[in-house]
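Single-structure report; data block below.
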Amino acid sequence: MSTSARDSVIPTLDLDDGASIPQIGLGTYAMRDAAGVDAIVSGIAGGYRLLDTAVNYENEREVGQAIADSPVERDELFVTSKIPGRHHGFEESIASTEESLARLGLERLDLHLIHWPNPSVGKYVDTWRGLIELRERGLVTSIGVSNFTEEMLQELIAATGVTPVVNQVELHPYFPQSKLIDFHATIGVQTVAWSPLYRDQGLFAEAPIAEAASAHGVEPAQVVLRWHLEVGSLPIPKSASPDRQRLNADIFDFNLTPAEVDAISALERGRMKDRDPLTHEEM
Ligand SMILES: NC(=O)C1=CN([C@@H]2O[C@H](COP(=O)(O)OP(=O)(O)OC[C@H]3O[C@@H](n4cnc5c(N)ncnc54)[C@H](OP(=O)(O)O)[C@@H]3O)[C@@H](O)[C@H]2O)C=CC1
Ligand SMILES: O=C(O)C(=O)[C@@H](O)[C@H](O)C(=O)CO
């Protein structure tokens, strides 16, 4: 692994509500306790401005501590959290968000998501109404969802007239979700990719990725993250290593060719685990 990656200035994209979102973020799943705070502080120092947390990661306090410990101004950061299944409902989602803000030590979230639709619970539309209310109250700047299908997005829009600005979904070369990315583009939803590196479980050795890495003089992880940008996906890789954090963010001065992008997308084989939002539920 190269340790020569530079601190990156990460470009931004415009969301459909006028807010700007960094083109790559830092996933924080499993970053907890003092080591978690250190990892998030080093991510911010390495150039990350988008921090992705969730009530269910049980690390909103660590994220808040890292923000407080970092010299970067709060307004330069873009903090995302997520409402868990057990907090679905209009009033529940508002209470959940107030608790998240208290743990984070922040007055507002830049982006707040419904973490999983949990269709058997039947409350994601009410939860969406709660997010609309939170945006109106100024506690949340942008509102979106995670793990929603095309049909679920259409249901939210039909019920409320408000389109989520983001849908955060499983997306990596083994599960490129090209149809969903295209649908998102038609309705103004930014695709955000979770597990964008397939959790380093063998993806980097795939020939099209290794060959592109060699051709461009970069690491396979950088090829995968650049592929995300090329296909219209905004990746939020998690790394607790300062070197890998910097490497992962250093993807803005090379491009993949269309043939390289297609060869990587052709690795498609399916989800990492059986986490189909129609059946998988997380409370
Ligand atoms: N909305 C949702 O339902 C979900 C959201 N998420 C979000 O997405 C984020 C990212 O997804 P996640 O599941 O963590 O998986 P990732 O695909 O980001 O992979 C993380 C793993 O890859 C390793 N890694 C990172 N960079 C490199 C590199 N350059 N070379 C080799 N290994 C590397 C990390 O190890 P190390 O730390 O040692 O570098 C870690 O083990 C989460 O942290 C979370 O914020 C995740 C799952 C579901
Ligand atoms: O990380 C997330 O956001 C999740 O939803 C996780 O719970 C994820 O599904 C997982 O890793 C469960 O083992």
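The values are calculated or read from the model by the stated rules, or taken from the named source; none is laboratory data. Quantities reported herein were computed from a predicted structural model and do not represent experimental measurements. Cβ atoms come from the backbone with ideal geometry, glycine included; neighbour counts cover every protein chain shown. With ligands, DNA and RNA removed, areas are computed over all heavy atoms of the protein, side chains included. Shrake-Rupley method; radii C 1.70, N 1.55, O 1.52, S 1.80 Å.
Quick look at the numbers
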item	result
All positions within region 180-211 that are open to solvent by less than 10 Å² (accessible area, probe 1.4 Å) and part of a helix (DSSP H, G or I)	H184, L203, I209
Pair list, Cβ < 7 Å and 6+ apart or interchain, from region 159-179 residues that are touching a residue at least 24 places away in the same chain (Cβ under 8 Å) to residues that are within 16 Å of ligand 2 (Cβ to nearest atom) and of a type in the set (D, E, K, R)	E170/R271; E170/R275; F175/R271
Number of positions in region 231-264 that are within 8 Å of ligand 1 (Cβ to nearest atom), among the β-branched types (V, I, T) and more than 21 Å from V79 (Cα to Cα)	0
A259 closer than 27 Å to G43 by Cα and either part of a loop (DSSP other than H, G, I, E, B) or free of Cβ contacts under 8 Å to residues at least 12 places away in the same chain (or both)	no
Residues being away from ligand 1 (no atom under 12 Å from the Cβ), assigned to a helix (DSSP H, G or I) and more than 21 Å from S178 (Cα to Cα) - total across region 212-230	3
Residue tally, condition over 21 Å from N167 (Cβ atoms) and open to solvent by less than 10 Å² (accessible area, probe 1.4 Å), over region 102-112	1
Sole residue being within 17 Å of V140 (Cα to Cα), within 14 Å of ligand 2 (Cβ to nearest atom) and not aliphatic (A, V, I, L, M), chosen from E60, E76	E60
Members of region 127-149 found to be of a type in the set (A, V, I, L, M, F, W, C), surrounded by fewer than 23 Cβ atoms within 10 Å (Cβ to Cβ) and in a loop (DSSP other than H, G, I, E, B), listed by number	L139
Region 253-283 - residue that is of a type in the set (S, T, N, Q) and under 21 Å from W194 (Cα atoms) and, of those, farthest from ligand 2 (Cβ to nearest atom)	S265
Residue count, region 202-211 (criterion: within 12 Å of ligand 1 (Cβ to nearest atom) and small (G, A, S))	2
Selection status of T141, within 16 Å of ligand 1 (Cβ to nearest atom) and over 21 Å from S233 (Cβ atoms)	no
Those residues of region 223-255 which are over 16 Å from the mean Cα position of the chain (by Cα) and buried (at least 21 other Cβ atoms within 10 Å of the Cβ), in sequence order	V223, R244, R246, L247, D250, I251
A263 being among the small types (G, A, S), farther than 29 Å from G36 by Cβ and modelled with pLDDT of 95 or more	yes
Whichever residue in region 7-26 is part of a loop (DSSP other than H, G, I, E, B) and touching a Gly at 6+ places or on another chain (Cβ under 6 Å) and, among such residues, is farthest from V63 (Cα to Cα)	D16
Region 104-120, subset more than 16 Å from ligand 1 (Cβ to nearest atom) and in contact (Cβ under 8 Å) with a residue 40 or more places away in the chain, residue nearest to E136 (Cα to Cα)	L106
Which numbered condition Y29 misses (of (1) within 16 Å of ligand 2 (Cβ to nearest atom); (2) more than 28 Å from Q222 (Cβ to Cβ); (3) part of a loop (DSSP other than H, G, I, E, B))	(2)
Every residue from region 167-179 that is open to solvent by less than 20 Å² (accessible area, probe 1.4 Å) and either more than 24 Å from A19 (Cα to Cα) or assigned to a strand (DSSP E or B) (or both)	N167, Q168, V169, E170, H172, P173, Y174, P176
Matching residues in region 21-55 - criterion: being within 23 Å of I83 (Cα to Cα), acidic (D, E) and surrounded by fewer than 21 Cβ atoms within 10 Å (Cβ to Cβ)	D33
